[in-house]
1. What are the residues in the stretch 47-78 that are in contact with a Lys or Arg (Cβ under 9 Å, 6 or more places away or on another chain), free of Cβ contacts under 8 Å to residues at least 60 places away in the same chain and outside any helix (DSSP H, G or I), if any?
2. So which residues in the stretch 79-99 are of a type in the set (A, V, I, L, M, F, W, C) and part of a strand (DSSP E or B), if there are any at all?
3. Filter the stretch 140-169 for residues that are of a type outside the set (A, V, I, L, M, F, W, C) and in contact with a strand residue (DSSP E or B) (Cβ under 7 Å, 6 or more places away or on another chain) and give the result.
4. Checking the structure you have, find out if any residue of the stretch 33-43 is exposed (fewer than 13 other Cβ atoms within 10 Å of the Cβ), of a type outside the set (S, T, N, Q), in a loop (DSSP other than H, G, I, E, B) and out of contact with any strand residue (DSSP E or B) (no Cβ under 6 Å at 6 or more places or on another chain).
5. Can you confirm whether residue 29 is free of Cβ contacts under 8 Å to residues at least 12 places away in the same chain, exposed (fewer than 10 other Cβ atoms within 10 Å of the Cβ) and over 25 Å from the mean Cα position of the chain (by Cα)?
6. Can you confirm whether the stretch 92-101 contains a residue that is over 17 Å from residue 152 (Cα atoms) and surrounded by fewer than 12 Cβ atoms within 10 Å (Cβ to Cβ)?
7. Take the residues of the stretch 104-123 that are over 23 Å from residue 142 (Cβ atoms) and not hydrophobic (A, V, I, L, M, F, W, C): which is modelled with the lowest pLDDT?
8. Does at least one position in the stretch 1-10 carry a residue that is at pLDDT 75 or above, within 20 Å of the chain's Cα centre (by Cα), within 30 Å of residue 80 (Cβ to Cβ) and not acidic (Asp, Glu)?
Amino acid sequence: MNEITVRQEESTKWLEDLALDELNMDESGIINFGEHINPSHLLEESSIGFMNELRDLFEVYVTKFNEYRGGTTNLSQIKIFKISNTVNDFMLFRNSLRLIFNRRANDLITIGFIASNGELLSARMSTGNNHESVHEIKAHLGPFNNITWRFHGETVATKALVRHYLSEFIKNSAR
């Protein structure tokens, strides 16, 4: 499936949901008029989708990096793990360093490094905001329930976020 097809499917998911709601309404007799304006429901869907998008990009880039480093037989390969008992939290692991992506709430995703001794490490930032050990990506609910994800008030570009954290992870986990 190419990127355009994926974007088209994502952009019409709400229509599919409306059609299914209407079919369920016809079968069950239960009408739900307000779900499309429920911020909690919208934030839940958006945070799950955002985390899935991040994990998918990390999987693509990590696979490519591991191939460049010598494939699956290389002891320094990066591994991605899902975190149990969560909807879609995940972490990267290499040489005792973990990079953890955690969906703390419907509107909050945290990103942090944990060293082998349990110490929280901060990703370096070019903006000078290096004092935070865990970075927070927060949802912003705008007009017409448009949800954007932001870091320090600035809209996040997913590919840039993945590139930054993966670069930091690779540099900090190298031996």
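The values are calculated or read from the model by the stated rules, or taken from the named source; none is laboratory data. Quick caveat: nothing in here was measured; it's all calculated off a predicted structure. Glycine gets a Cβ as well: all are built from the backbone with ideal geometry, and neighbour counts include every protein chain shown.
1. 77 - this is the single residue of the stretch 47-78 that is in contact with a Lys or Arg (Cβ under 9 Å, 6 or more places away or on another chain), free of Cβ contacts under 8 Å to residues at least 60 places away in the same chain and outside any helix (DSSP H, G or I).
2. 80, 81, 90, 91, 92, 93, 97, 99
3. 140, 142, 148, 150, 155, 165
4. Yes, that holds for at least one residue.
5. yes
6. yes
7. For the stretch 104-123, the residue satisfying everything is 122.
8. No; the residues of the stretch 1-10 include none that is at pLDDT 75 or above, within 20 Å of the chain's Cα centre (by Cα), within 30 Å of residue 80 (Cβ to Cβ) and not acidic (Asp, Glu).
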